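Here the structure comes first, spelled out in structure tokens, and everything after it is commentary.
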Amino acid sequence: METAPDPSFPGSSIPESSFRPAPLNAAQHAVLDLLGADRDARPSFDPALRTELHHVLREGLRPIVDDLPPDTSLWVGKHPLSAVHGCEAKLLADEQESFTWTPPIARGVVAHKAIELGVNWSGEVTPLHLVDEAIASLQGSGDKCGEWLSTCGETQRAEVRSEANDRVAKFLECFPPLKKAWAPVTESRCRVELHDGRVVLAGKIDLSLGRATGSTAGKVLIDLKTGGFVPSHLDDLRFYALLETIRLGTPPRLLATYYLDSGQPRVEPVSTAILESATRRTIEGARRLADLRHGGVDPVKRTGAACRWCPVVESCLEGKAFLTERDGLDDLGFDAVG
């Protein structure tokens, strides 16, 4: 007896010809093999998990609310969480720097917008066409990035266009065409408000596929990255999984960081233990963020690869020593850890 196809997300029970309009390359096949699953292979979770995690978060963050200045909220996203678990001195220095749009920052916004358009576009398009449509959309929306793209020089705009095109082309090469039945969603915002909005946990997921069925997990959360693996990438997706679980009640099935430059994903199944760990990390990070911003505590310095981009590295003895040692090891042909 044949297994009934599962229309919510690709799996081995679906005949290959039913979900691909053209032959797939090896990278695209790998995405299907890693992210797809038969319905019987999907985990189920206790419906009470949502309430339990929400309670632990609320009680763990209660001391923050008591110490926050009046009419002040603490916003916690993946970037400040990652930063506060790294070098706290760099975190504060970065927050004091005035934000300036640059081609490397804008290219990420444009590339994500182009991928969003591509997922929802009817008919075939080229990567560069999606990039141009993304730039036009941002410029016409009043978006801050769009304003910068409208006023920057032609050289900067061309640089953004070229690098965004590279990212979009790699995404289209590595991912199979996303069927509507897989419920693809791009740039999906998730938000958890605690203590009447005094503490806000928020994030934006690059791409999600699939959907939950009752208490059975079915959704895959995907973060798209250039460059190589950084341990905090795992924590970013676990944080998103925590927010998704509290929002929906059923956790995602799988977390995947996809590295476009290498065509390689790093995949992690979601478990109750992972969600509990993410909850503890979020509470610890949020408490420390509140202490640093409002409690007058001294920041802890932690050296690492990010020292190279720290705005205060020239006045940081620890950071300068780390970079000197790292550069020395590189000259000797060793890979420095950081």
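Throughout, read-outs are computed from the coordinates displayed, never taken from laboratory work. Everything quoted here is computed from the prediction, not taken from an experiment. Here Cβ is always computed from backbone atoms with ideal geometry, including for glycine, and neighbour counts include all displayed protein chains.
Just a few scattered comments:
- With the charge dipole of the chain set up from +1 on Lys and Arg Cβ and -1 on Asp and Glu Cβ about the Cα centre, the Cα lying farthest toward the positive end among the listed residues His54, His29, Val230 is that of His54.
- Gaussian network model of the chain, Cα within-10 Å springs - most flexible of Phe175, Phe45, Phe99: Phe99
- The convex hull drawn around the Cα atoms of the chain, when projected onto a plane and averaged over every direction, covers 20.5 nm².
- Shape index of the stretch 47-129: Rg/Rh, with Rg the Cα radius of gyration and Rh the Kirkwood radius from the inverse mean 1/r over Cα pairs, equals 1.14.
- Solvent-free Debye calculation, one equal scatterer per alpha-carbon of the stretch 45-192: log10 I(q)/I(0) at 0.10, 0.21 Å⁻¹ equals -0.56, -1.24.
- Sequence-distant contacts, meaning Cα pairs under 8 Å at least 6 residues apart, place the relative contact order of the chain at 22 percent.
- Whole-Hz Karplus values for the stretch 138-144 come out as 5, 5, x, 9, x, 5, 4 Hz, taken residue by residue from phi with 6.51 cos²θ - 1.76 cosθ + 1.60 and θ = phi - 60°; glycine and proline positions read x.
- Over the stretch 103-174, the alpha carbon radius of gyration divided by the compact-protein estimate 2.2 N^0.38 Å works out to 1.01.
- Annotation for the stretch 119-151 versus the stretch 218-233: alpha-carbon center distance of 24 Å.
- Once the Cα gyration tensor of the stretch 155-260 is diagonalised, semi-axes √(5λ) in Å: 27, 19, 13
- Stokes-Einstein diffusion for the stretch 194-338 at 20 °C, viscosity 1.002 mPa s, with a Kirkwood radius from C-alpha pairs, works out to 120 µm²/s.
- Length-normalised contact order of the stretch 210-338 in % [C-alpha pairs under 8 Å, at least 6 apart]: 18 percent
- Charge dipole magnitude, Cβ of K and R +1, D and E -1 - the stretch 220-330, Cα centre, debye nearest 20: 300 debye
- Using C-alpha pairs below 8 Å separated by at least 6 residues, the relative contact order for the stretch 242-308 is 19 percent.
- Most fluctuating residue given options Asp327, Asp236, Asp33, as computed from a GNM of the chain linking Cα atoms under 10 Å: Asp327
- Note on the chain: with a GNM built from Cα contacts shorter than 10 Å, the maximum mean-square fluctuation among Leu209, Leu255, Leu61 falls on Leu61.
- About the centre of its Cα atoms, the chain shows a dipole size close to 680 debye [charges on the beta carbon of Lys, Arg (+1) and Asp, Glu (-1) only; nearest 20 debye].
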